[in-house]
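I have placed the structure first, in the form of structure tokens, so that the comments after it can refer back to it.
What follows draws every value from the coordinates through simple rules; no lab data is involved. All figures in this text were calculated on a predicted structure; none of them were measured in a lab. Note that each Cβ is placed from the backbone with ideal geometry, even for glycine, and that neighbours are counted across all protein chains shown.
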Amino acid sequence: MPLGEKKVRRLTGILLTGAVLVTRLPFISTMLYEFDSVDFAVATFRFSLQQVTPHFPGYILHILFAKFLLLFLSDVNLAFIWISILLSIGSVLFLWRAGAVLRGERVGVITAVLWLFTPLFWFHGEVATAYPYEAFFAAILLYLGISLLRDPRRKLFAYLLFITLSLAAGARQSSILFFAPCIIYIMWKTRQPLRIWITGSALFLVVTALWSAILFSYSGGIAGYLAEANSQTIYRSQSILFGNSLQGHAIVIAKVLLYLLIAALPCLLLFGISLLRFWKRSIQFIKEQRRKSSFIFIMLVALPAFLFYIGIYFMKAGYLLNIMPSLTLCAAVLLDQMAIWKAEQIKLAFGDRLRLSRPLITESAIKYCVSIVAIDLILFFNSFPWLHRQHTDNAFTFDSFNGQESPLDPKLGGGASLLLNKLFSCTSIREVTETDELHSEVLQKLQRESGDPKDLVILDTWWHRWGYYYLPQSEIYDIRDFPLSDSLWVGRSQQYVRKAIAAPIIHLPKQKKILLLLRKDQPSFTKIAGQVHLERIEMPGYLDMYRITDEHFSFKWKNVTFVKE
């Protein structure tokens with residue numbers, strides 16, 4: 001007896017959930033992945049915007065979610081990774097239903113499969129970052145919005161749109177700017193009465209007030225939070241609209257487009273196949289789709305974020321996870337249509353017009369899906385030589401491609417391999433495994449050297465943020481040695497307290513062991529090695545760690561003098 005529709009849906013949901021777990025759990029990161037991960041980890045027990053734990057604007061729901069999971073888990077990194085996994089499951093399930101409501105169950109499954117294996121999405125399900133929220137809430141909005149377009153009488157979905165917007169903003173405050181336009185469009189297009197607008201807005205304000213009250217209480221009150229907000233200038237650091245150079249802004253635009261090209265590469269290849277095999281039909285189909293309200297809404301979910309990234313600010317590939325669900329949904333619709341066209345070709349070729357079309361369409365859809373997933377797997381499990389970490393872990397590339405600098409700039413040691421590394425690093429499991437190996441080995445070496453972490457001082461140019469979390473008892477000097485600058489930026493951290501140091505002379509405690517984490521390919525290395533005696537600690541070939549063996553020393557590093565008396 002065939003399964004009923006509800007049972008099939010339930011079974012499909014279980015299989016998709018299992019697929020996320022099976023593809024994520026074997027590859028999860030064992031250590032905190034990036035600077036922001038460290039900040040979030042500390043924020044679970046010491047919330048301080050002033051100490052950048054976490055960084056502004058606070059990500060309060062992300063922190064609260066982690067604190068809840070820590071009631072059941074003892075490892076903070078694992079707690080944040082489980083957040084990424086749970087959000088990944090939700091994102092896949094909601095995109096599945098969005099595709100099904102848009103164009104039928106087959107498109108729903110296609111959408112879920114394409115999204116499940118998208119390398120950028122897969123990667124961020126393996127590490128402790130906040131970016132999976134982007135995908136999760138975008139997927140919810142796509143499902144709710146398309147459902148409301150199909151049946152405007154579903155008032156509950158209208159209310160849920162407002163609640164979703166508030167929760168998305170509580171996790172990542174920028175979401176209110178990115179997602180509000182698509183909600184306004186849906187409410188207008190479905191001709192929702194004024195009372196729905198008013199009630200929905202009231203729900204938004206109530207939910208927002210709840211998480212804002214917690215955020216303000218953690219931040220020392222509204223005044224403290226607003227004071228921190230007024231000190232933020234990061235969004236003014238890239239755009240020509242805030243007085244930055246045209247060249248710097250052009251680099252940001254190029255960065256967005258290049259990252260998007262790599263993130264959406266399987267979807268773009270699908271589009272290319274469609275044009276090659278069904279040129280006229282594809283053009284006509286796209287023209288027809290772009291007039292539909294559903295297509296406009298799908299694009300509105302992604303467009304505000306895209307415009308913000310190219311016009312104001314963009315930092316990391318993970319930001320694109322609020323754009324990619326819309327592109328994946330469009331790709332699934334196109335793939336389904338290609339399968340229909342292919343089935344028609346087969347029937348015409350064999351002259352069998354009575355042959356059932358559905359099995360042919362399903363067969364073609366499976367073949368296209370398998371082809372796209374194969375490309376995804378190649379990207380995720382690749383062995384491209386430029387992805388080794390030694391291409392990025394050096395003084396010349398510390399800030400490359402983070403906003404103003406180009407990875408192709410020869411003055412910063414850039415080149416084609418560095419550019420490829422930056423573009424593909426967040427689509428490959430190699431980045432996760434090699435980052436874990438690096439941090440694990442560095443931590444083991446530092447712990448072995450120190451004996452007691454309280455007796456260790458680290459002058460550090462490449463590992464200080466992880467030391468801040470994993471070796472809080474040690475005294476760590478965070479040194480930013482910019483290649484094109486004549487001065488250092490120096491900060492000091494200990495016991496989870498970090499502060500900048502502007503003094504020209506820094507006195508180091510004479511009773512403690514001093515370690516220097518500085519690569520020998522940095523211009524400053526030769527000058528420092530000429531002033532003190534250094535003994536190299538065995539490390540991977542592209543990293544350097546040294547003991548300063550002098551009992552007393554004084555050496556000058558650009559504009560700062562370090563003294564141990």
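General remarks:
- All lysines inside 24 Å of residue 445 as judged from Cα atoms, apart from same-chain residues fewer than 8 positions distant: 454, 510, 512, 513, 520, 564
- Among beta bridges that DSSP assigns inside segment 413-497, antiparallel share in %, nearest 5: 60 percent
- All lysines inside 26 Å of residue 280 as judged from Cα atoms, apart from same-chain residues fewer than 8 positions distant: 292, 342, 347, 367
- Averaging Cα coordinates gives a centre for segment 324-343 and one for segment 108-165; these two points are 17 Å apart.
- Beta bridge orientation in the chain: antiparallel %, DSSP, nearest 5: 65 percent
- For segment 414-565, the spread of Cα coordinates along the three principal axes comes to 48, 34, 29 Å, biggest extent given first.
- Inter-label distance, nm, simple model (7 Å from Cα along the C-beta direction), residue 500/residue 363: 6.7 nm
- Cβ-Cβ FRET estimate between residue 7 and residue 245, R0 fixed at 56 Å, reported to 0.05: 0.40
- C-alpha center-to-center spacing [segment 516-532, segment 416-472] in angstrom: 19 Å
- For segment 523-558, applying the loop criterion from DSSP together with a ceiling of 16 other beta carbons within 10 Å to the GluC sites (Glu not before Pro) yields 538, 551.
- Charge tally in the Cβ shell below 15 Å around residue 277, where Lys, Arg are +1 and Asp, Glu are -1, residue 277 excluded: +2
- Computed lengthening from residue 194 to residue 315, 0.36 nm per intervening residue step minus Cα-Cα distance: 39.6 nm
- Of the trypsin sites (Lys or Arg not before Pro) found in segment 1-70, the ones in coil according to DSSP and having at most 15 other Cβ atoms within 10 Å of their Cβ are 46.
- Per residue, the average separation of C-alpha pairs within less than 8 Å and at least 6 apart gives the chain a relative contact order of 13 percent.
- For segment 282-303 versus segment 208-268, the gap between their alpha-carbon centres in whole angstrom: 28 Å
- Global geometry of segment 58-196, whether rounded, prolate or oblate, following the gyration tensor of its Cα atoms and the 1.5 cut on a/c: oblate
- Trypsin sites (Lys or Arg not before Pro) restricted to DSSP loop in segment 238-317 with at most 12 other C-beta within 10 Å: 290, 291, 292
- Taking every alpha-carbon pair in the chain and binning the separations at 20 Å intervals from zero gives 19, 50, 25, 6, 0 percent.
- Karplus (6.51, -1.76, 1.60) ³J(HN,Hα), θ = phi - 60°, over segment 319-334, in Hz, Gly and Pro reported as x: 4, 6, 5, 8, 9, 5, x, 5, 5, 5, 4, 5, 5, 5, 5, 5
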